[in-house]
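Sharing a structure, written as C-alpha cells. Questions coming.
The values are calculated or read from the model by the stated rules, or taken from the named source; none is laboratory data. Source: prediction; values computed, not measured. Note: ideal-geometry Cβ built from the backbone for every residue, glycine included; neighbour counts use all protein chains shown. Please note that ligands, DNA and RNA were not included when accessible areas were found on the heavy atoms of the full protein model with its side chains. Shrake-Rupley method; radii C 1.70, N 1.55, O 1.52, S 1.80 Å.
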Amino acid sequence: MSDNTTKPAASAMWGGRFAGGPAAIMQRINASIDFDKRLYAQDIRGSKAHCRMLVRQSILTQEDGDSILAGLDTVLAEIEAGDFPFSTALEDIHMNVESRLAALIGEAAGRLHTARSRNDQVATDFRLWVRDAVDGMDAALAGLVEALLNRAEEHAATVMPGFTHLQAAQPVTFGHHMMAYVEMISRDRSRLADARKRLNECPLGSAALAGTSFPIDRHATAADLGFAGPMRNSLDGVSDRDFALEFLSTSAICAVHLSRLAEELVIWTSAQFRFVRLSDGFTTGSSIMPQKRNPDAAELVRAKTGRVIGDLNALLIVMKGLPLAYSKDMQDDKEPVFEAADTMELAIAAMTGMISDMTVNAEVLRAAAGAGFTTATDIADWCVRAINMPFRRAHHVAGSLVKLAEDRGIGLEDLTLADMQGIEPGITAEAMAVLSVDSSVASRTSFGGTAPNRVREAVAAARKSLNGGGS
C-alpha cells in the first residue's frame, strides 16, 4: 500500500543536502521565530553593516549593495508597521528577513549571506540586543537612584531604628537607610558598565566557526555597529555567551537588591510598623476585608526576583556542557535573557514609582527609634570616652543599665542619674545627654556614618556621580 502523504520540502535556505523536509515535530522544536523575532532591528542593522563592508571590499557590486540596503529598509518598515508575515517554516528571524528580501529584490538577496553564517549573524544580533538592554536598564536604574536620593535628602535627619536580626539595634536616619540602597544600585550600574565593555566586541566575520576566505574587513563592520573591535577568535566568536550570562548575573544581583527593598516596604507598611504608606497607585484592596491596603507592587517585585535568578540558572545549565563551537542548544539562550530584561524593566519601574510617592511617617519612625534601648551603645561609648573605661567593661555596664530599665518597664532615658550611678558610680550628669536618639545619630560622624551632615554629604557626592561628575 502506497503512502500518498506529502512530505514537506527541505528549506531552500539550507536544504541542498536533504532529499526531504523535516517532520512536523522537528519543525516545531527547531523554529525560534516566535521569540527571536525580537531581534529584527539588530538583525537588519547587522545585515546592512555587512552589506556595506562587502561593497567596500568589492565582494558585492555597488548595484547589488544598493538594492540590498533598500530592500532591508523596506523589510524593517514592514515589521515596524506590523505588516510582516513571520513564518515558522522559515525557522528564525534571519531566514524570515532573507526570504522576504529575496521576494522584494530577487537574486541579489542571496549574495548578502556571502562571508557570513547564521552562527556569527545571531551572535552579533544577540550582542547588539543585550547591549541595548544594558543601556536601557542602566537608564532605568539611574531613575531609581534619583528617587532614592530625593527621599534621602528629604529625610537626612529623620530618625528611625536601625536593625540587625530585625531587632532594634541603634538609631539611624531614614536618609541613611535610603543611601544604603543607592550604594547597592550604584554597584549594579557599575556591573552593567563593566559587562558592557566586555560584550562590546563584534563576532561578525567569524562565519560558521573558522572565519572566511573572502577578503572581509571585520574592523570596519565592528566600527559600523558601534563595537570597540572584532572578537579575536572565530571559534569563540560564534560560541561565546558570557555576555548573556553576565547580563543575567547582573540582573539577578540587582533583582535581589530590589527584593530586599521590597521586603522592607512590605514590613514597613504593615499596621505593626506603619513606617511608610504606599499610595493607592501601588496598593490593592481585599475582596473580603474592606480595611486592607495590600503592598502588592512590592510583593510582586519580591516574587519576580525568583524568575530572574531562574533565568540565570537556566542559561548556565544550557552552556555548561557545550563543546566548541556552535550547538543548537544555544537557540535556547534568548528566552531567559528576554524574560529577565522584561522582568527587570517592570520591577525597576515599579520600585521607582513606590519610592517616589510613598509617605514617610516621621513621627512613627521617631517613636520606634527610641524603643528597644537603641542608645545602649551610646552610654557604653560615653563611658569609654569620658571615664576611660575599657569598652568590654563599658559594654557590661550598659547591659546592666538596660536590664534595670527593662525590669522597671521604662526606657534608658527615663533612668535617673542615681539609678545609673547605682550601676557605675563614675557616671555623671553629662551622660544623660547621649541617651536621646537625635544625639545618637548626630554623633555618628565617621565616614559613611548616619549623622545627618554625613548623609547630606553622601547625597551630594552621589548626585555628582549620577550627573556625570565622578565620585
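Given the Cα-Cα distance of Thr445 and Asp34 and 0.36 nm per residue of separation, how much length would full extension add, in nm?
Separation in residues times 0.36 nm, less the Cα-Cα distance, equals 142.3 nm.
Using just the helices of the chain, give the 222 nm mean residue ellipticity in deg cm²/dmol: DSSP H runs with n ≥ 4 each add -39,500 (n - 2.57), and the total is spread over all residues, rounded to 500.
One gets -19500 deg cm²/dmol as the mean residue ellipticity at 222 nm.
Over the chain, give the accessible area per residue in Å² for a 1.4 Å probe, as an integer.
48
Ok, one more. Using a 1.4 angstrom probe with every protein chain in place, what is the largest-first accessible-area order of Thr283, Thr445?
Sorted descending by solvent-accessible area, the residues read Thr445, Thr283.
Cα-Cα pairs above 16 Å in segment 221-261: how many percent?
Distances greater than 16 Å cover 58 percent of the Cα pairs.
Report in % the part of the accessible area of segment 118-367 that belongs to carbon and sulfur, leaving out ligands and nucleic acids; probe 1.4 Å.
Carbon-and-sulfur percentage of accessible area, whole number: 53.
Moving on to the next point. With a 10 Å radius around each residue's Cβ, average the other Cβ atoms per peptide and rank 309-317, 147-155, highest first.
147-155, 309-317
How high is the relative contact order of the chain, given as a whole-number percent (alpha carbon pairs under 8 Å, six or more residues apart)?
16
Take each uninterrupted DSSP H stretch in the chain, measure its Cα extent along the helix axis, and return the ones at 15 Å or beyond whose mean Kyte-Doolittle hydropathy is at least 0.5.
93-105, 242-268, 296-319, 376-387
Rounded to the nearest 10 Å², what accessible area does Lys334 show when all protein chains are kept and the probe is 1.4 Å?
Counting only protein heavy atoms, Lys334 exposes about 10 Å² to solvent.
If you don't mind, another one. Using a 1.4 Å probe and counting only protein heavy atoms, arrange Val159, Val402 so the residue with the most accessible area comes first.
Val402, Val159
How much of the accessible area of segment 25-112, in percent, comes from carbon and sulfur atoms when a 1.4 Å probe is used?
It is 48 percent, rounded to a whole number.
Follow-up. Of Leu101, Leu466, which has the most accessible area and how do the rest follow, probe 1.4 Å?
Heavy-atom accessible area, descending, gives Leu466, Leu101.
Give me the count of lysine pairs in segment 118-367 whose alpha carbons sit under 24 angstrom apart, restricted to pairs 8 or more positions apart or on different chains.
Final tally of qualifying lysine pairs is 6.
Now for a different question. Under the definition of Cα pairs under 8 Å and six or more residues apart, what whole-number percent is the relative contact order of segment 372-449?
35
Below 14 angstrom from the Cβ of Glu339, what's the summed charge of the other residues (Lys, Arg +1; Asp, Glu -1)?
In short, -4.
Shifting gears a bit: Place +1 on the Cβ of every Lys and Arg and -1 on the Cβ of every Asp and Glu in the chain, take the dipole about the Cα centre, and give the residue among Leu315, Val437, Leu346 whose Cα lies farthest towards its positive end.
Value computed over the given set: Val437.
Phe391 versus Ser279, label points 7 Å from Cα toward the beta carbon: distance in nm?
So the label points at Phe391 and Ser279 sit 4.4 nm apart.
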